[in-house]
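First comes the structure, then the notes that go with it.
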Amino acid sequence: MENFYKTMEERGFIEQATDPEEMESLFEQKTITAYIGFDPTARSLHVGSLIPIMALSHLQRHGHRPIALVGGGTALIGDPSGKTEMRPVLSHEEIRDNAEGLKQQLSRYMTLDGQNGILLNNIDWLAPLNYIEFLRDIGRHFSINRMLAAESVRQRLETGLSFIEFNYQLFQAYDFLHLYSYQDCIMQMGGADQWGNIVAGTDLIRRVKGGKAHGLTFPLIVTSSGEKMGKTARGAVWLDPSRTSPYEYYQFWINTEDQDVARFLALFTFLPMDEVRGLSQKQGADLREVKEILAFEATSITHGKEEAEKARETSRHLFYGQGLDMESVPTSLLAREKVEKGLEAYLLLVEAGVCQTRGEARRLIAQGGVALNDQRIPSFDFKVSAQLVKDNTLLLKIGKKRFHKIIFS
């Protein structure tokens, strides 16, 4: 069995680690329990969460025990890390519903049977806390000067940081202490913006328990063009198939920039690194084949092999100009009355969810990038009437390779 730390290093997962040499040695000696927290601010995670998910999956594949921690308690406070303003406060009901969605989603990537892998919600131990006792027993170990020096805090001091957010580091550190005490968890992993919170946890464990714990952070993944990973013109790329279809998910990966393909193969697939290095040598026309492998592997991990095969087949039909498998094309349902009196084309794109805003829809049509039933839409105010609807269906083509089906009821 390969060393987990070496695998993380080789595949490009590591930004910082508290003690690299000792950490690498630990993974040689015994089974390690490590955790990552996930905020239930939505019912689904998105592609931006894949790095921590893949890290936990690798951890389990290397014979160690992952803990996926849903932050049902800390979500009531809000993590200021990487944020320019305070997050909207969610209700208990919203957080409970989102947490349940994340539990189901995370279970697709790793075994969470309570033994080989564990899924926990920190509201179970944070909600019963007595605040006065918490400040006395935990708060006394924190230095205000050190907390103010944390990057996540410094970035927010100019725009304003609420007291409730300032408390976040204490609660995340307490999570680590709790898992160390009750689950023998000696390692926390997270994004680069979590470094201060993770180190606060290792320090708290040392002060309260006299123990040694470790932390590891992942780099912020941006594309070669400088875009944040997982963001597109249409918004986030979700892991939930009802929000981003398997075909759209596959297309996201097939459209990876050439310079990013090798890096993404290492980060977002389980292909052996020897194979990744071999594929990374291909260039020119052969790069299309490598992108297909990346898209197929990434889609298989999230949506299963069957959906990945369907998405690949549809994508090949589109790319090579063959027939279109309508079953795999992203679909929206609209009431027929929407087009009975004629509906401006740009409004149709917004109603169908193809574009997020009216301005975006107008620009897309004005650039000549949208066709309706194989006919280019001449202007954004072109009216789509019921006469254009065939068998209750309209087929939109956006650009050269993207299709969207609208079914009218």
Practice problem: Filter the helices (runs of 4 or more DSSP H) completely within region 126-168 down to those with at least 3 residues that are at pLDDT below 85, over 22 Å from Leu90 (Cα atoms) and assigned by TED's automatic domain parsing to the domain that holds Leu76. | Solution: 144-149, 151-157
Quiz item: In region 167-214, which residues are charged (D, E, K, R) and without any contact (Cβ under 8 Å) to a residue 12 or more places away in the chain?
Solution: Arg206
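For region 75-108, which residues satisfy the criterion of being at pLDDT below 70 and of a type outside the set (Asp, Glu)?
Correct list: Gly78, Pro80, Ser81, Gly82, Lys83, Thr84, Met86, Arg87, Pro88, Val89.
Rundown of residues vs (1) touching a residue at least 12 places away in the same chain (Cβ under 8 Å); (2) surrounded by 20 or more Cβ atoms within 10 Å (Cβ to Cβ); (3) hydroxyl-bearing (Ser, Thr, Tyr), yes/no style:
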| site | (1), (2), (3) |
| --- | --- |
| Leu265 | yes, yes, no |
| Pro272 | no, no, no |
| Gly278 | no, no, no |
| Gln281 | no, no, no |
| Gly284 | no, no, no |
| Ala295 | yes, yes, no |
| Ala308 | yes, yes, no |
| Glu313 | yes, no, no |
Quiz item: Right, Ile254: of a type in the set (A, V, I, L, M) and touching a Lys or Arg at 6+ places or on another chain (Cβ under 6 Å) or not?
Solution: yes
Quiz prompt | The listed residue being more than 24 Å from Ala298 (Cβ to Cβ) and of a type outside the set (D, E, K, R), out of Trp238, Trp195 | solution = Trp195
Exercise. Scan region 106-137 for residues that are under 22 Å from Thr74 (Cα atoms) and touching a strand residue (DSSP E or B) at 6+ places or on another chain (Cβ under 8 Å) and report the count.
Key: 9
Quiz item: Restricting region 88-115 to residues that are assigned to a helix (DSSP H, G or I) and among the small types (Gly, Ala, Ser), which is surrounded by the fewest Cβ atoms within 10 Å (Cβ to Cβ)?
Solution: Gly101
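The values are calculated or read from the model by the stated rules, or taken from the named source; none is laboratory data. This structure is a prediction, so every number in the text was calculated from the model and none was measured. Please note: Cβ atoms are built from the backbone with ideal geometry, for glycine as well, and neighbour counts cover all protein chains shown.
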